[in-house]
Ligand SMILES: [Zn+2]
C-alpha cells in the first residue's frame, strides 16, 4: 500500500446522508467519493444487504470490477472493531478469495461442495484451492459452526458421504479457522499459502491499478491479459459494441495493444483512467465521436504514445504529454 486517503465522515458520508447504507445507494455514494486507483473502504453505521438483513459488510470480486467498476468494500463500523476479522475476510474477497465452504456457485466456476477429506479439491469444488480445509456449507448467513469459548467445534458437520468435517483442525489446535470461513469472527486467524498466492496474483493482475501506484512494482513488460482487460473496460465505458476481432485495434507480436483507431465509431461515454495501462500504445485515434467527460491525466503516462487524436468530441481537460521523439 502506498497511501491512505481518508474522506472524513463529516464532509462526505454524512453530508450526503448515508447513515443507512444499502445496495440501492451504493453506486450513488461511490460516484461522489470513490478513488479510481485505490482499495476504497466505506465504514458505515449500518449495512443492509439486498435481502433486507443487516450484515457486517461486503466486497466484490475482481470480475465485478471489470463489469461495473465496483472497487470498494463496505464495512459496518462495529464489525471493524478490535478483534473482528470481517474486514480481513472482505479484503480476501476483494483479491479473489472464495469462502472455504464455497460450492455450487456456477458464477464462480465452482459446481461442487468440497468433501470432508478434500478428495475433490481443486478448481471446481470448495474454494478452488487444495491447502484450505474442507468446510461444511452452513446453509446461509448467520449459520455459523457452533463453537465453545476456545473456538472448539461442538457439533459434528458431515459431508454428502457422511464423513465429518474437521474444519482442518483438531479440537485443541492452537491454530484456528480460516479467515474465509464463516467460523465466528474471533476464531478466524489464518490464510493458507495458496490463498496468499492467489491474492498476490489478483493484486498484480486483476487489480493492477493498485500496484501501478507504487513505482517499481509493475514492470514495463508486455502483459496481453492486462491489455485485454483494459480494452474490455474501454469498450464498456465508451458504450461501443465489442468487435469480435478487435477491428481498429492493432497488437504487437506479444499480444499487447499498439494502436487503437476508432474514429467515426459512434462512441459515447468517457475514456477510462486505466487507459495508461496500455504501455505499448503508440497511436490513439478516437476522433469524430461523441465522447464526453474529462480527459484522464493518465494518458500523459503512456511513454510510447506518439499520435493522439481526440478531435471532434466533447472532452474537457488537459494533459501533460510526455510524447516520445
Ligand atoms: Zn464472505
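The values are calculated or read from the model by the stated rules, or taken from the named source; none is laboratory data. Since this is a predicted model, take the numbers as computed values, not measurements. Reconstructed Cβ throughout: ideal geometry from the backbone, glycine too, with neighbour counts over all protein chains shown.
Among the residues of region 105-129, those identified as surrounded by fewer than 20 Cβ atoms within 10 Å (Cβ to Cβ) and either part of a strand (DSSP E or B) or within 15 Å of the ligand (Cβ to nearest atom) (or both) are 105, 107, 108, 112, 122. Restricting attention to region 3-33 and to residues that are in a loop (DSSP other than H, G, I, E, B), at pLDDT 50 or above and out of contact with any helix residue (DSSP H, G or I) (no Cβ under 7 Å at 6 or more places or on another chain), the residue that is farthest from residue 75 (Cα to Cα) turns out to be 3. Counting only residues that are over 25 Å from the mean Cα position of the chain (by Cα) and either at positive phi or modelled with pLDDT of 90 or more (or both), region 266-280 holds 1 of them. Within region 76-95, the residues that satisfy the criterion of being under 18 Å from the mean Cα position of the chain (by Cα) and either over 28 Å from residue 30 (Cα atoms) or within 12 Å of the ligand (Cβ to nearest atom) (or both) are 86, 87, 88, 89, 90, 91, 92, 93, 94. Pairing residues of region 67-93 that are over 16 Å from residue 181 (Cβ atoms) with residues that are more than 12 Å from the ligand (Cβ to nearest atom) and at pLDDT 90 or above, at Cβ distances under 8 Å and at least 6 apart in sequence or on separate chains, gives 78/84. I'd like the residue in region 34-65 that is surrounded by fewer than 17 Cβ atoms within 10 Å (Cβ to Cβ) and part of a helix (DSSP H, G or I) and, out of all such residues, is farthest from the ligand (Cβ to nearest atom). Here the answer is 63.
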